[in-house]
Structures are given as C-alpha cells and as structure tokens.
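*Asks:* Got a structure for you, written out below as structure tokens; questions coming shortly.
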Amino acid sequence: MCKDFSFLHLMGNNGWLWQTYDGWYDDEYYKYKSTFLGLYRVEVLAVVSASYKHIRIDGHLGVMWLEVAGYPDCERDENNGFSYTDLQDMLTGMRLAEENLVRCGVPFTPDYHFHGPNRANLKRRNDATRKKLNMEYFEKEAWEQANKDD
C-alpha cells in the first residue's frame with residue numbers, strides 16, 4: 001500500500017476501532033468496529049481488504065462486507081433467540097454503518113451491494129470515492145506486491 005493512503009487512519013479517524021484477537025492472524029482481512037443507535041445499540045464490524053495480503057479474497061481493496069458484532073442492550077439468555085424487531089434493529093444498524101462509512105469517504109469494494117432506500121446514491125458516492133482515492137492504482141500495486149510474494 002502506498003504511504004499516503006491508509007485504511008487504519010481513514011477508519012480510525014472516523015471512530016472505527018481496529019479489532020485484534022488473541023490467536024487471530026490478519027492475513028485475510030482487517031476488522032473495524034463501531035456502534036450505531038437504533039432502538040438499541042448495535043455493534044457493527046466492517047470487514048476490510050486493506051493490503052496486498054488481503055486482495056486475493058475479493059480482488060479489490062475496500063470494505064467487503066458488514067457484520068453485526070453485538071447487540072449489547074438486548075437482555076436475553078442463551079435459551080432465547082432474537083425477535084423480528086431485534087433483527088430489524090440490527091439491519092438498521094448495518095444500514096447506518098454503510099451510510100456512515102460512505103459519508104466519511106471510506107471506499108467499499110466496487111461490487112458491494114448497498115441496502116436501504118438510498119442504495120443507488122450510496123453506490124454512486126462510493127464509485128466517486130474510489131475514483132477520488134485512485135483505488136484502481138492501489139489495487140494494481142497490491143496485486144503486483146501479492147504476485148511478488150508467490
């Protein structure tokens with residue numbers, strides 16, 4: 001990756017925390033976590049292809065997908081699942097995360113499928129962000145570096 005572009009800084013400067021785990025090796029991708037408020041708090045993970053080590057998964061750099069990491073305010077025990085309302089709230093958190101990342105100028109991969117009523121606008125904005133950040137250049141660099149390591 002070029003020195004003047006860093007997902008760590010871009011995500012971190014916008015409130016997303018880089019996640020590391022004991023025994024977890026980040027050769028496949030990075031994960032960043034942030035919290036969004038629906039009816040309850042929803043913790044969302046952004047799974048990011050950010051280097052030449054990651055590019056083989058999707059073929060591109062950027063946010064590849066989102067995951068719900070937690071739903072901390074919902075009190076439930078191990079015998080109870082999530083209700084339809086809980087799942088709707090999690091989906092709302094993920095849509096808010098998509099909007100947040102696009103507004104902050106964090107690029108998604110070009111084939112990411114956005115959700116919600118503004119998905120076409122989010123796609124256009126993501127395409128513009130990818131062009132502004134010259135993501136094709138960085139992806140080409142990442143592929144060259146990945147092929148050197150083979």
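*Asks:* Looking only at segment 71-89, count every residue that is in contact with a helix residue (DSSP H, G or I) (Cβ under 8 Å, 6 or more places away or on another chain) and either free of Cβ contacts under 8 Å to residues at least 24 places away in the same chain or surrounded by fewer than 17 Cβ atoms within 10 Å (Cβ to Cβ) (or both) and tell me the total. Working first, answer last.
*Replies:* Residues of segment 71-89 in contact with a helix residue (DSSP H, G or I) (Cβ under 8 Å, 6 or more places away or on another chain): 71, 74, 82.
If we keep only those that are either free of Cβ contacts under 8 Å to residues at least 24 places away in the same chain or surrounded by fewer than 17 Cβ atoms within 10 Å (Cβ to Cβ) (or both) too, we end up with 82.
Within segment 71-89, residues that are in contact with a helix residue (DSSP H, G or I) (Cβ under 8 Å, 6 or more places away or on another chain) and either free of Cβ contacts under 8 Å to residues at least 24 places away in the same chain or surrounded by fewer than 17 Cβ atoms within 10 Å (Cβ to Cβ) (or both) number 1.
*Asks:* Pick from segment 38-70 the residues that are among the aliphatic types (A, V, I, L, M) and exposed (fewer than 15 other Cβ atoms within 10 Å of the Cβ): which of them is nearest to residue 97 (Cα to Cα)? Write out each step before concluding.
*Replies:* Going through segment 38-70, the residues among the aliphatic types (A, V, I, L, M) turn out to be 39, 42, 44-48, 50, 55, 57, 61, 63-64, 66, 68-69.
Filter again for exposed (fewer than 15 other Cβ atoms within 10 Å of the Cβ), leaving 39, 57.
On the way: 39: 15, 57: 22 Å.
The residue in question is 39.
*Asks:* Among the acidic types (Asp, Glu) and over 17 Å from residue 14 (Cβ atoms): does that describe residue 67?
*Replies:* So residue 67 passes the test.
*Asks:* Would you be able to say whether some residue in segment 90-103 is in contact with a strand residue (DSSP E or B) (Cβ under 9 Å, 6 or more places away or on another chain), of a type in the set (A, V, I, L, M, F, W, C), surrounded by 13 or more Cβ atoms within 10 Å (Cβ to Cβ) and free of Cβ contacts under 8 Å to residues at least 24 places away in the same chain?
*Replies:* Within segment 90-103 (the criterion being in contact with a strand residue (DSSP E or B) (Cβ under 9 Å, 6 or more places away or on another chain), of a type in the set (A, V, I, L, M, F, W, C), surrounded by 13 or more Cβ atoms within 10 Å (Cβ to Cβ) and free of Cβ contacts under 8 Å to residues at least 24 places away in the same chain), the answer is no, since none of the residues qualifies.
*Asks:* Would you list the helices (runs of 4 or more DSSP H) that sit entirely within segment 54-150 and hold 3 or more residues that are under 24 Å from residue 20 (Cα atoms) and at pLDDT 95 or above?
*Replies:* 84-103
The values are calculated or read from the model by the stated rules, or taken from the named source; none is laboratory data. What you see is a predicted model, and the numbers here were worked out from it, not measured in a lab. Cβ sites come from the backbone with ideal geometry, for glycine too, and all protein chains shown count toward neighbours.
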